[in-house]
Amino acid sequence: QVQFVESGGGLVQPEGSLSLSCTASGRILSNYMIGWYRQAPGKQRDRVAYIRRDGFTYYADSVRGRFTISRDSAKNTVYLQMNILKPEDTAVYYCNVVPPENRSWGQGTQVTVSS
């Protein structure tokens with residue numbers, strides 16, 4: 001069973017930035033389309049960005065222009081650079097394969113945007 005590990009969250013003021021990291025066992029991050037997802041309290045988990053094996057990236061409308069997803073295969077890590085953060089970005093952020101199907105989820109990393 002692949003284990004995803006997310007890190008880099010924290011408390012940040014509006015307009016601030018954070019960089020999240022995702023690691024996983026094996027080579028799944030290099031061999032599959034990988035997405036960042038988020039879940040705010042009382043809401044469903046939504047995908048905010050993904051990166052294909054060929055490097056193509058996609059962003060949800062709510063984060064396009066502010067977030068950047070990237071992959072470093074040598075480090076077996078997928079990143080999410082988040083800029084110009086807004087209070088509505090507050091959520092637990094997860095990474096997983098796209099689509100996740102029946103794969104397990106990591107613990108996620110909490111991002112809180114507040115003054």
**Request:** Scan the range 56-86 for residues that are part of a helix (DSSP H, G or I) and open to solvent by 70 Å² or more (accessible area, probe 1.4 Å) and jot them down.
**Result:** Ala74, Lys75
**Criterion (over 14 Å from Val2 (Cβ atoms) and out of contact with any Asp or Glu (no Cβ under 7 Å at 6 or more places or on another chain)) met by exactly one of Arg27, Arg66, Arg38** = Arg66
**Request:** Considering only the range 8-23, state which residues are touching a residue at least 60 places away in the same chain (Cβ under 8 Å), under 15 Å from Ser70 (Cα atoms) and open to solvent by less than 40 Å² (accessible area, probe 1.4 Å).
**Result:** Gly8, Leu18, Leu20, Cys22
**Request:** Kindly indicate whether Val92 is open to solvent by 60 Å² or more (accessible area, probe 1.4 Å) and either outside any loop (DSSP other than H, G, I, E, B) or among the small types (Gly, Ala, Ser) (or both).
**Result:** no
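The rows are residues; the columns are (1) open to solvent by less than 50 Å² (accessible area, probe 1.4 Å); (2) at pLDDT 95 or above.
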site	(1), (2)
Gln1	no, no
Glu6	yes, yes
Tyr32	no, no
Gln39	no, yes
**Request:** Kindly establish whether Val48 is under 21 Å from Glu15 (Cα atoms), in a loop (DSSP other than H, G, I, E, B) and open to solvent by less than 70 Å² (accessible area, probe 1.4 Å).
**Result:** no
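The values are calculated or read from the model by the stated rules, or taken from the named source; none is laboratory data. Please read these numbers as outputs of a predicted model, since none were measured by experiment. Cβ: placed from backbone, ideal geometry, glycine included. Neighbour counts: every protein chain shown. Quick note on the areas: whole protein, heavy atoms, side chains included, nothing else; ligands and nucleic acids left out. Shrake-Rupley method; radii C 1.70, N 1.55, O 1.52, S 1.80 Å.
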